[in-house]
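Student: Structure in structure tokens, see below.
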Amino acid sequence: MDITYILIDDRNALHRSLSICREGTINSVQLEDPEYRVYLSLPIDFHDYAAMFHYGLPEALNQLPFISESGNGFDSWDEVFLHCSSLPSMLKIIDGLKKGIDPDNPETILLGWQEEPPAAYLREIDPKRFLAFLRRMREFVNRAEREGRDLEFIL
């Protein structure tokens, strides 16, 4: 059986419409607010979303006490909240993860596949780009901690 290998291109609208091309947002919120309000947001683009799972950030963060309706913790296709008291621990986890990423080792990962017609969807991961995202995430978390805000992850 011949398999078609498709390298995801974020500039291609057809590729962006695939369910395996996920993006998300991290919001700075106040769980105790009487009404839902987003104070700041950090977008997670298609590349960084895939890289986040490739490098194991969700698994590393799942040691923290996330609040979610599904009870799955920090996971794809979910919305979770993290209380501001856990943000210092989150920063340590991010710092630890950064140490394990080789900035000079780009990778091509398998995002998903389909059986009919046989196809495998691949994505190139640029570790330098993801490390830049982790720096932005770290700054975002630092600011939320200084302001006493909680985090909402919409994945």
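Student: If only one of F133, F140 is out of contact with any Gly (no Cβ under 8 Å at 6 or more places or on another chain), within 16 Å of G56 (Cα to Cα), modelled with pLDDT of 95 or more and not aliphatic (A, V, I, L, M), which one is it?
Tutor: Sole residue among the options that is out of contact with any Gly (no Cβ under 8 Å at 6 or more places or on another chain), within 16 Å of G56 (Cα to Cα), modelled with pLDDT of 95 or more and not aliphatic (A, V, I, L, M): F133.
Student: Which of the residues that make up region 88-121 are among the aliphatic types (A, V, I, L, M), within 27 Å of R149 (Cα to Cα) and touching a Lys or Arg at 6+ places or on another chain (Cβ under 8 Å)?
Tutor: Once the filter is applied, which keeps residues that are among the aliphatic types (A, V, I, L, M), within 27 Å of R149 (Cα to Cα) and touching a Lys or Arg at 6+ places or on another chain (Cβ under 8 Å), region 88-121 yields L91, I94.
Student: Starting from residues that are buried (at least 19 other Cβ atoms within 10 Å of the Cβ) and touching a Cys at 6+ places or on another chain (Cβ under 9 Å), keep the ones in region 14-58 and report whichever is nearest to L134 (Cα to Cα).
Tutor: Y49
Student: Under the condition of being without any contact (Cβ under 8 Å) to a residue 12 or more places away in the chain and farther than 21 Å from F53 by Cα, which residue from region 107-122 is surrounded by the most Cβ atoms within 10 Å (Cβ to Cβ)?
Tutor: That would be E115.
Student: Looking for whichever is touching a helix residue (DSSP H, G or I) at 6+ places or on another chain (Cβ under 9 Å) and over 18 Å from L134 (Cβ atoms) here; the options are D75, D104. Which one fits?
Tutor: The conditions single out D75.
Student: Sticking with this structure for a sec: How many residues, within region 1-18, are in contact (Cβ under 8 Å) with a residue 24 or more places away in the chain and within 19 Å of the chain's Cα centre (by Cα)?
Tutor: Of the residues in region 1-18, 4 are in contact (Cβ under 8 Å) with a residue 24 or more places away in the chain and within 19 Å of the chain's Cα centre (by Cα).
Student: Let me ask you something else. Restricting to region 85-106, name every residue that is touching a residue at least 24 places away in the same chain (Cβ under 8 Å), touching a Leu at 6+ places or on another chain (Cβ under 8 Å) and not charged (D, E, K, R).
Tutor: Correct list: L87, S89, M90, I93, I94, L97, I101, P103.
Student: Consider region 145-155. How many of its residues are touching an Asp or Glu at 6+ places or on another chain (Cβ under 6 Å) and part of a strand (DSSP E or B)?
Tutor: Going through region 145-155 one residue at a time, the tally reaches 1.
Student: While we're looking at this one, here's another question. Kindly establish whether N142 is under 30 Å from L14 (Cβ atoms) and either outside any strand (DSSP E or B) or small (G, A, S) (or both).
Tutor: When the stated conditions are applied, N142 does not pass them.
Student: For residues in region 69-79 being surrounded by 15 or more Cβ atoms within 10 Å (Cβ to Cβ) and not hydrophobic (A, V, I, L, M, F, W, C), which is nearest to the chain's Cα centre (by Cα)?
Tutor: Selected residue: D75.
Student: Here's a follow-up. Can you find a residue in region 81-103 that is touching a Ser or Thr at 6+ places or on another chain (Cβ under 7 Å) and within 24 Å of R37 (Cα to Cα)?
Tutor: There is no residue in region 81-103 that is touching a Ser or Thr at 6+ places or on another chain (Cβ under 7 Å) and within 24 Å of R37 (Cα to Cα).
Student: Please state which one of F53, F66, F74, F46 is under 25 Å from P127 (Cβ atoms) and either in contact with a Phe, Trp or Tyr (Cβ under 7 Å, 6 or more places away or on another chain) or among the basic types (K, R) (or both).
Tutor: Every option except F74 fails the conditions.
The values are calculated or read from the model by the stated rules, or taken from the named source; none is laboratory data. A quick note: this is a predicted structure, and the numbers were derived from the prediction, not measured. Neighbour counts are summed over all protein chains in view; Cβ atoms, including those assigned to glycine, are modelled from backbone coordinates with ideal geometry.
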